[in-house]
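Throughout, read-outs are computed from the coordinates displayed, never taken from laboratory work. Just so we're clear, the structure is a prediction, and the values are computed from it rather than from any experiment. Cβ placement follows ideal geometry from the backbone for every residue including glycine, while neighbour counts extend to all protein chains displayed.
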Amino acid sequence: MVGRVRVLVYASAPGDDPRAVEDAYHTVSRTLAGTPGLLGNVLLRSVHEPGAFVVMSEWADLDSFREWEEGAGHRGATAPLRPLQDGRGRGPFGIYEVTAAY
C-alpha cells in the first residue's frame, strides 16, 4: 500500500442534471479500463451535499500516474468529467501518496 497514489477529482452535478457526474464517471472509467498503473477508481457522493462528488482513483505509484497524465490520451479520456469539476477554494483535484496504512 505504501507508495501508492490516490488522486481525488472534485465534481458537482448541475442543478438541472443530477446524474451528469455519474454518467461522466462511467464513460471515463470505461475508457480508462486497462490503463497501466491504474488499480481502480470509485465515485463518492456527499451525504451532506447530494450534488457534490469525488472521484478517487488509485495508482500503483506516482510515476505511473504522471506517465498517464502527461500522455496524449489523458485529456481526451477525461473530457466528459472536466466541465463538471468543482474547485471551490481547493482546486479541482488533489494527488496524495499513501505514506502509512493498516
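Results, tabulated for the structure shown:
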{"quantity": "Inter-residue pairs, beta-carbon under 7 Å, first touching a residue at least 12 places away in the same chain (Cβ under 8 Å) and closer than 16 Å to F93 by Cβ and in segment 10-35, second of a type in the set (A, V, I, L, M, F, W, C) and part of a helix (DSSP H, G or I), 6+ apart", "calculated": "A11/V21; A11/L84; S12/L84; V21/L84; A24/L84; V28/A77; L32/A77"}
{"quantity": "Criterion (touching a helix residue (DSSP H, G or I) at 6+ places or on another chain (Cβ under 6 Å), more than 27 Å from A100 (Cβ to Cβ) and of a type outside the set (A, V, I, L, M, F, W, C)) met by exactly one of T27, T31", "calculated": "T31"}
{"quantity": "S57 being of a type in the set (G, A, S) and touching a residue at least 24 places away in the same chain (Cβ under 8 Å)", "calculated": "yes"}
{"quantity": "Failed item in (1) in contact with a strand residue (DSSP E or B) (Cβ under 9 Å, 6 or more places away or on another chain); (2) more than 16 Å from M1 (Cβ to Cβ), with R75 passing the rest", "calculated": "(1)"}
{"quantity": "Residues of segment 23-40 satisfying the condition of being closer than 20 Å to G87 by Cα and touching a Phe, Trp or Tyr at 6+ places or on another chain (Cβ under 8 Å)", "calculated": "Y25"}
